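Before any comments, here is the structure.
The values are calculated or read from the model by the stated rules, or taken from the named source; none is laboratory data. The shown structure was predicted, so the numbers you read here are calculated from the model rather than taken from an experiment. All Cβ positions, even for glycine, are placed from backbone atoms using ideal geometry, and neighbour counts span all protein chains on display. For accessibility, only protein heavy atoms count, side chains too; no ligands or nucleic acids. Shrake-Rupley method; radii C 1.70, N 1.55, O 1.52, S 1.80 Å.
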Amino acid sequence: MADDSGVSAVERALSLLDAFNELDYALTLADLARRTGLYKSTILRLAESLQRTGYLKRLADGSFQLGAAPLRLGAIYQRQCRTSEHVPEVLREVVEATYECASFYIRDGEHAVCLHRVDSARMIRDAIREGDRLPIDKGAAPQVLLAFGEKKTGKKFDRIRAEMSCASFGEYDAEIAALSVPVLSVNRQLVGALTISGPRYRFENVDQAPMLQALFAGARKLTDLFGGDAKWFDTAP
């Protein structure tokens, strides 16, 4: 194996940090070797540097935990990462894939607020605009916000969490349908609801699977950008 210098050493050191997941309390040397494919001797050399800089710490039993340095970087990243820098681009991708209008909602008290919006090129579409407020108890996006933000209980919300999505037909407006999925950050904290909406007849008369696939693709990208794990969506139907 090459010596621990330059780009290759950095990549191997980062692979040690990437080996940890949210369920790990600590990892043994054998755990790190298995997850990274690195020799134990290489891991120990890299771990010394990571310990000195606060990225790893070693427990009394010899196992390893993440240090405080990644947390500091994560906090900086969260402060720098704004929805306005990432969400509109994803909304445009969703519109291109579904030919329906795409919106991003957050909760504000008893309302779901449309924070970002990209319209489709279709002449017939819903009239939601950025800044519009919807009742928190009606529609696909509000129910996603309740299910993942408030962790509201009940069979309906359990199903939304299990399926990672919600569909609504005529709840907010009799002629409008919508599909919505959550965008999550660290520890599955809710960032907002990624949603497509349009005339009800268009949603009822087509296979919704491709629409959901486009939404899930956008939600995975945004969840990853906001520090969450895109794999959370792997359990979705």
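Calculate how steeply helix 209-225 sits against the longest principal axis of the alpha-carbon atoms of the chain, using the helix alpha-carbon long axis, and give the answer as 0 to 90 degrees to the nearest 10. Helix 209-225 and the main axis of the chain meet at about 40 degrees. When you restrict to C-alpha pairs under 8 Å that are six or more residues apart and normalise by the size of the chain, the relative contact order lands at 14 percent. Please give the net charge around ARG125, taking every other residue with its beta carbon less than 9 angstrom from that of ARG125, where Lys and Arg add +1 and Asp and Glu add -1. Surrounding charge for ARG125 is -2.
Per-residue ellipticity at 222 nm computed for the chain from its helices equals -12500 deg cm²/dmol, with DSSP H segments shorter than 4 residues left out and the rest contributing -39,500 (n - 2.57). Each of PRO182, LEU91, LEU56 was placed along the dipole of the chain (beta-carbon charges, centred on the mean Cα), and the one lying farthest toward the positive end is LEU56. Between PHE20, PHE104, PHE226, the residue with the greatest mean-square fluctuation in the GNM of the chain (Cα pairs under 10 Å linked by springs) is PHE20. Taking Cα atoms only, the orientation of helix 40-52 departs from the longest principal axis of the chain by about 80 degrees. Once both axes come from the Cα atoms, what is the angle between helix 83-98 and the longest principal axis of the chain, in degrees from 0 to 90, rounded to 10? Its long axis makes an angle of about 60 degrees.
Computed packing ranks the peptides 87-99, 172-184 as 172-184, 87-99, most packed first, by mean other Cβ atoms within 10 Å.
Residues in the stretch 177-237 average 42 Å² of solvent-accessible surface per residue, probe 1.4 Å, ligands and nucleic acids excluded.
How would you classify the stretch 116-201 from its alpha-carbon gyration tensor, with a ≥ b ≥ c the square roots of the eigenvalues: rounded for a/c under 1.5, else prolate if a/b is greater than b/c, otherwise oblate? Cα axes put the stretch 116-201 in the prolate bin.
Share of the chain's accessible area from carbon and sulfur, percent, 1.4 Å? Heavy-atom surface of the chain belonging to carbon and sulfur, 1.4 Å probe: 53 percent. For the stretch 125-136, 3J(HN,Hα) computed residue by residue from phi via the Karplus equation (6.51, -1.76, 1.60; θ = phi - 60°) reads 7, 6, 10, 5, 10, 4, x, 5, 10, 10, x, 6 Hz, glycine and proline entered as x. Here the convex hull built on the C-alpha positions of the stretch 21-148 has a volume of 174 cubic angstrom per residue. Sorting LEU190, LEU14, LEU32 by accessible area puts them as LEU14, LEU190, LEU32; the probe is 1.4 Å, largest comes first, and only protein heavy atoms count. Of (1) 17.5, 58; (2) 18.3, 64; (3) 21.6, 66, which one was derived for Rg and Dmax of the Cα atoms in Å from the structure shown? The value matching this structure is (3). The residues of the stretch 16-58 present an accessible area of 62 Å² per residue when probed at 1.4 Å with all protein chains retained.
Quick check for me: using +1 on Lys/Arg Cβ and -1 on Asp/Glu Cβ, what's the dipole size of the chain about its Cα centre, in debye to the nearest 20? Computed charge dipole of the chain: roughly 520 debye.
If you run the Gaussian network model on the chain, springs between alpha carbon atoms under 10 Å, then out of ASP137, ASP108, ASP24 the most flexible one is ASP24.
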